[in-house]
Amino acid sequence: MNAVATETPSRIRPSRPDAKLRCEGLRKVYGSVVALDTTDLDMPEGEFLTLLGPSGSGKTTLLMLIAGLLAADAGKIWIDDKLASDLPSYARDIGMVFQSYALFPHMTVFDNIAFPLEMRRWSSDKIKAAVEQTLELVRLPHVADRYPRELSGGQQQRIALARCFVYRPSIILMDEPLGALDKKLRDQMQFEIKQLQAELNATVLYVTHDQDEAMAMSDRICLMNHGGVEQIGSPHDLYFRPASRFAADFLGESNLLPGRVISASEQPEVEMLGLRFAARRAAADLAEGNPITVMLRPESIEIGPGTAPNGLPAVVERVTMLGGVVRSVLRLGDGTEITSRSLTRPDALVARPGEPVSIHWQPEAPVLISRETTRGA
Ligand SMILES: Nc1ncnc2c1ncn2[C@@H]1O[C@H](COP(=O)(O)OP(=O)(O)OP(=O)(O)O)[C@@H](O)[C@H]1O
Ligand SMILES: [Mg+2]
């Protein structure tokens, strides 16, 4: 090792070689509003990461800071291991797609897609080839000569995607790009964006407040709340191992029940609704006597006949048929409300309101969550 202390040049940061984007200590404040609390975020190349969270949780703020359209109060951003946070927006090699398609109305589809290439002074031959190839990619090769107003909403959004993908930006940021489309078109476009992303191995940071969209599209979800990261992980992680009440509540439906740690031995035991059971899955501090929240997903609640042994007695309050799923709301003896979901089967016995039943769940179903883990509640 060299005797002289070596300093890492500030513009090049040693990091995991696969970190396409790295944010460190990013923060944005408006007067007394903390739009984004100090936030770190890493994305490997080719990842599809979704910022999910309620309105006002800081999703757009984080995106705008990365794009350089907003100046951060603190923090640094690296793209491909190069410091990007003091570069202007246009020099960051970032593509953006917004909810409003932001196509130029007076330009044809061809000229709209060619625009970023013209700005980069590509030759006209190269531009023509790239635009044609990208129109094929979004499956609209026949609309090059049309104007945006001559396209449907879904087609316009595909052209906006084409205009972003055409110059192969290092990172693509999308803020609710499907927000203006109807449900069916949304589903189709979700699939198409995923396909496009996979085909090009693009690194995509996507914003939505639709949990189904986030679950369907993402490699990882970054759940935001009150300007900060509540939890980051795969859709599976967030759904099955939520780290907080907020996460359990935000993603999917859940029964959140009060419980208490009875013994904190090697195999901790928990009490809930008068039942004692072994803690199998916990994101909580299991110290003896600690109050905890127990999460039970509705699909893990099984309903049996009222006469079944070892079940928890309940009365059916209401039953709703949701197509492929039946949702039942049940009331326990102490007044607690429990929701159950099961697949619809024509031959299945569906309990009727007022009927006494018993409920059960598998031993690994309960997830234990600390009572006070939610940010800034
Ligand atoms: N220019 C601004 N001036 C003052 N406050 C702002 C400004 N922009 C954003 N905020 C505040 O910062 C917080 C985060 O806003 P942001 O737009 O990032 O939320 P979001 O998660 O994108 O919400 P949505 O889902 O509604 O788009 C909000 O409380 C918002 O009111
Ligand atoms: Mg927003």
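Cα axis of helix 109-119 to longest principal axis of the chain: angle in degrees, 0 to 90, nearest 10? Result, in degrees: 70. Test of understanding: in a Gaussian network model of the chain with alpha carbons linked when under 10 Å, which of 41, 296, 52 would top the mean-square fluctuation ranking? Ranking 41, 296, 52 by mean-square fluctuation puts 41 first. For region 210-362, just list the percent of Cα-Cα distances falling in each 10 Å bin from zero outward, please. Per 10 Å bin, starting at zero, the Cα-Cα P(r) for region 210-362 comes out as 10, 33, 33, 20, 3 percent. Counting only the backbone N, which residues of region 54-92 are under 11 Å from the spot 7 Å out from the Cα of residue 19 toward its beta-carbon? Correct set: 76-83. If you take every DSSP beta bridge whose two residues both sit in the chain, what share of them, in percent to the nearest 5, is antiparallel? The antiparallel fraction comes to roughly 75 percent.
Apply the a/c threshold of 1.5 to the C-alpha gyration tensor of region 72-186 and tell me whether it is rounded, prolate or oblate. Walk me through the numbers on the way to the answer.
Numbers: a/c = 2.32, a/b = 1.38, b/c = 1.68.
Oblate, because a/c is 1.5 or more while a/b does not exceed b/c.
Measure up 20/184; 82/184; 20/126; 59/184 against 30 Å on the Cα-Cα distance and list the ones that go over.
Numbers: 20/184 33 Å; 82/184 40 Å; 20/126 27 Å; 59/184 25 Å.
Flagged as over cut-off: 20/184; 82/184.
When Rg and Dmax are taken over the Cα atoms of the chain, they come to 25.3, 81 Å.
Computed across region 253-296, the Kirkwood radius stands at 10.3 Å (inverse of mean 1/r, all Cα pairs). Over the chain, dividing the summed -39,500 (n - 2.57) contributions of all DSSP H runs of at least 4 residues by the number of residues returns a 222 nm mean residue ellipticity of -6500 deg cm²/dmol. Label separation (residue 168 vs residue 234): 3.0 nm, computed from points 7 Å beyond Cα along the C-beta direction.
Roughly speaking, what is the stretch gain from residue 30 to residue 120, that is 0.36 nm per residue apart minus the C-alpha to C-alpha distance, in nm to one decimal?
That works out to 28.9 nm of additional length.
Please find the FRET efficiency linking residue 277 to residue 82, where r is the Cβ-Cβ separation and R0 is fixed at 51 Å, and quote it to the nearest 0.05. Once the sixth-power term is evaluated, E becomes 0.45. Packing, as the average of other Cβ atoms within 10 Å across residues, places the peptides 72-81, 320-329 in the order 72-81, 320-329, highest first. Which net charge results for the neighbourhood of residue 233, defined as the other residues with beta-carbon distances under 15 angstrom from its beta-carbon, given Lys and Arg at +1 and Asp and Glu at -1? My count for the surroundings of residue 233 gives -3.
Summarising the amide proton neighbourhood of residue 292: residues at separation of 5 or more, or on other chains, whose placed amide H is nearer than 5 Å comprise 259, 260, 261.
Which whole-number percent is the relative contact order of the chain (Cα, under 8 Å, 6+ apart)?
Numbers: 750 pairs, mean separation 57.1, N = 377.
Answer for the chain is 15 percent.
Projected label points at residue 149 and residue 331, each 7 Å from Cα along the beta carbon direction, are separated by 5.9 nanometres. Using 0.36 nm per residue and subtracting the Cα-Cα separation, the extra length available between residue 128 and residue 322 on full extension is 64.9 nm.
Of the Cα atoms belonging to region 19-240, the radius of gyration and Dmax stand at 17.3, 52 Å.
Inter-label distance, residue 183 to residue 288: 5.2 nm, where each label sits 7 Å from its Cα along the C-beta direction.
Where a number appears in this text, it was derived from the coordinates with a stated rule and is not lab data. Small disclaimer: the values here were computed from a predicted structure and weren't measured. All Cβ positions, glycine included, derive from the backbone under ideal geometry; neighbour counts span all protein chains shown.
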